[in-house]
Amino acid sequence: MAKKVAVLAVNPVNGFGLFQYLEAFYENGIPYKVFAVADSREIKSNSGVRLTVDDVIASLKGREDEFDALVFSCGDAVPAFGQNADKPWNVDLIEVLKAFGTKGKLMIGHCAAAMLFDMAGITTGRKLAIHPLAKAAIKTGTATDDDSQIDGNFFTAKDENKVWTMMPRLVETLKQ
């Protein structure tokens, strides 16, 4: 039976990245729920497409045992994360990432996802693909220049244009 995935989408989310995950999961019978990293289920993509997702991140707290994997779908909200780190949904984001990572769940993401995984303190000793502009922010993991990197339970891609390079192995792993 396929693993169940929690997908986190910031507001605004990179639609190209998000939809690659969702389409692959849908086409391969991998169950998922999308949680907004926001105070509302109503978010938008970086191109302005309005989305209503399944729930908000606050409701995911404490439910990591219901899921086998977590996807962080990056977006235009991440560059402003520093100014908004104290917002309840961003505090919840770091707590959720840490809870999933500490339990050894599959941690999946692109662009600055590795930076947030690192901020949550769960990347020690892991090789991570990350957007070149966020590379210097990696403190406990090892940032690479690879298009994507699979290291244990971490699946990371440099950006939304490189998600496809890890997708076959990711889908195979999620279908097990």
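Only helices (runs of 4 or more DSSP H) whose full extent lies in the range 81-176 are considered here, and the ones with at least 1 residues that are buried (at least 23 other Cβ atoms within 10 Å of the Cβ) and either touching a residue at least 40 places away in the same chain (Cβ under 8 Å) or of a type in the set (V, I, T) (or both) are 88-102, 113-119, 167-175. Could you list, in sequence order, all residues of the range 145-176 that are out of contact with any Ser or Thr (no Cβ under 8 Å at 6 or more places or on another chain), closer than 20 Å to G75 by Cα and among the polar types (S, T, N, Q)? Selection gives N161 alone. A residue that is within 24 Å of D39 (Cβ to Cβ), in contact with a Lys or Arg (Cβ under 9 Å, 6 or more places away or on another chain) and of a type in the set (D, E) cannot be found anywhere in the range 100-122. Counting only strands (runs of 3 or more DSSP E) that fall entirely inside the range 1-69 and contain at least 1 residues that are of a type in the set (F, W, Y), the qualifying elements are 32-37. In this structure, S59 does satisfy being more than 14 Å from the chain's Cα centre (by Cα), more than 22 Å from L170 (Cβ to Cβ) and at pLDDT 95 or above.
The values are calculated or read from the model by the stated rules, or taken from the named source; none is laboratory data. This is a predicted model, so every value here is computed, not measured. Reconstructed Cβ throughout: ideal geometry from the backbone, glycine too, with neighbour counts over all protein chains shown.
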